[in-house]
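Just below is one structure, and these are the notes that go with it.
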Amino acid sequence: MASTKVLARFYGDKDFPVEWKNEQEKELFWFFDDNHCPNPISPMYFSLHGWWGPTCEYMFRRFNLNTGTAWIAKRIHGYVYTTVVPRDAADAAEVAPYYQWIMPTYAGSCMGWWQQRYLPEVKSNFQYLDTFPTETATLEELMVFLEEAIDIQERHFRLHWILNLSQFQASLTFGAVVKELLGDVDSQVLGKVNVSKADRNWESLKELWKLKELVKADREVASLFEKGADSAAILSALKGSAAGRSFLQKVDAYAREFGYKAIYAHEYNGKLAVEDPTPIIGEVKGYYASDFDYEATYRKCIDEQTGAIALLRGKLAGRPQAEKDRFEEALRLNLSMLPLTADHHFYFDQSTYARMRLVLLAVGRKMVKEGLLDSADDIMLLEYEQLRRYVGNPKEYDGRGIIARARQAMERAGGITPRDWVGTVTQQNMYEEPYHTLWGYPEKFERQQKETKVKGQVHGVPASAGVAEGVARVVHSPSEFNDVKSGEIMVCVMTNPAWVVVFPKIAGLVTDAGGALSHSAVVAREFMIPAVVGTASATKEIRTGDTIRVDGGAGLVEIL
């Protein structure tokens, strides 16, 4: 039964004041969403509920998940904080049996639903959004198009939660079965098991590798990559060469397939690779310089997985057949669902939000033509309802004033360091609610409560075991991927699928955000590089050029 024992409270102070709507808000655990939105949030994205809100209410209803009834958000000093609204303890106890009873069906069937029903629907929606005649449509038609895009976004994120929770529960169940049968198993072994053999991450890496191979095979194109000082210079040189233009056609095809992504997938205000291929050129340059071998990387990962599974099976030798059968069934469901980790990111967290950005920009361009905006991306500084009121009554509604004030507010927010959490920490929301583990809890909370700061040490969540020592490279965006040298240790706020392309170059990873099942941790394990996530402060304490040691098993980073 859920426990409401209070472990800590923070309602605000003079350095970080917090406005509360009511006393009930104070009793919830609000954590900073640095996993998705580490920067001040745009009014448009927040007003359309981001990834929280109505689609999360749907998730809790559909699955009868006993740990909550809703997942809501609030803006604090311009940053997104979210919280899971817990169920009443008695209600949670009553619904728990249904959740446990129904989840094996989801784990066993969800991949089939995805391939046969959901994915065709998603692709059809993308086709509609990609081919709508935005340049010839009227502003009225574009606003209706926006309404349809919002409907699609909400539908896709309902599907997101079906896939995400099904896969998440399959992984949790496998871990629980292993622990029950074998006790505490080396996290490195489990990490090697929990990798997908086929997904959109692997496909995007393979296609990028093919582009690199095309560069190697064409001496003229290769010389342009070798001479180019940066990605923009290479792109310009490629446009001036017949062979280069032919190569850019392949880049364009790659962008149309894999370029619906931005540095921070959960926002509308970041430029996409499909809009500007410069980052792709930088990625190809990096692969060409290091001669990245996709096939060798993939084989090594799968061989490591095969060995880890064999190790676990060996530990079960001589055990009752019923225990072996439990292990194999949990393993089967876990492995079958693992591709959904990358695929739901690709289709929903990246591609759906990317297309919403393009729809909003189409509306913005028309508003520029009609004198309502100075720049198309100013539309992101309006909230959804403010946009509707502005286009519906532009002479009377102060749209430009709202935009100016929103821009100033976001600039001020950029100078604020957000706290990790506010509100009330209870036994239930820290140790019984599962989803916040993706943000590095409860380890992050426990570390803050008892940690004595040691100079030169940064503590975080163990994410991918092993030790790596090397030069740190602090990376703030994909535009800096080209600066990352082979063998360096990348230090960043967080990663999402747009960052996968840099993983083949790095020897280790340290992030401010995330937990053991976050994107950063999962991909680090796939590439078998030591990683510590959820440090909260690595990008502030570590500088590019520092020599650091990353112990992914201990969750410790040392600045040497």
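Some points to look at:
- Over all pairs of different C-alpha atoms in the chain, the reciprocal of the mean inverse distance, the Kirkwood hydrodynamic radius, equals 24.9 Å.
- In the range 200-295, the alpha-carbon atoms span a convex hull of 94 Å³ per residue.
- Using the rule -39500 (n - 2.57) for each DSSP H run of four or more residues, divided by the residues of the chain, the 222 nm mean residue ellipticity is -16500 deg cm²/dmol.
- Charge dipole of the range 1-89 (Cα centre as origin; +1 on each Lys and Arg Cβ, -1 on each Asp and Glu Cβ, all else neutral): 200 debye, rounded to the nearest 20.
- Think of the range 219-308 as having a plus end and a minus end, set by charges on the Cβ of Lys, Arg, Asp and Glu; of Val221, Gly307, Ala273, Val221 sits farthest toward the positive end of this dipole.
- Exposure proxy ranking, count of Cβ atoms within 10 Å, fewest first, for Leu338, Leu316, Leu235: Leu316, Leu235, Leu338
- Going from the fewest other Cβ atoms within 10 Å to the most, the residues Ser479, Ser537 appear in the order Ser537, Ser479.
- Projecting the Cα atoms of Ala531, Gly487, Ala513 onto the charge dipole of the range 453-559 (Cβ charges, centred on the Cα centre) puts Ala513 farthest toward the positive pole.
- Value of D in µm² per second that Stokes-Einstein yields for the range 453-559, Kirkwood Rh from Cα pairs, at 37 °C (0.692 mPa s): 256 µm²/s
- With neighbours defined as other Cβ atoms within 10 Å of a residue's Cβ, the residues Leu372, Leu163 order from fewest to most as Leu372, Leu163.
- Remark: the chain carries a charge dipole of roughly 500 debye about the Cα centre, counting +1 on each Lys and Arg Cβ and -1 on each Asp and Glu Cβ.
- Helix screen, the chain: DSSP H segments with Cα axial length of 30 Å or more and mean Kyte-Doolittle hydropathy at least -1.0 are 89-113, 139-182, 294-315.
We did not get these values from a lab; they are worked out from the coordinates using the rules stated. Just so it is clear, the model here is predicted, and its values are computed rather than measured. Cβ atoms come from the backbone with ideal geometry, glycine included; neighbour counts cover every protein chain shown.
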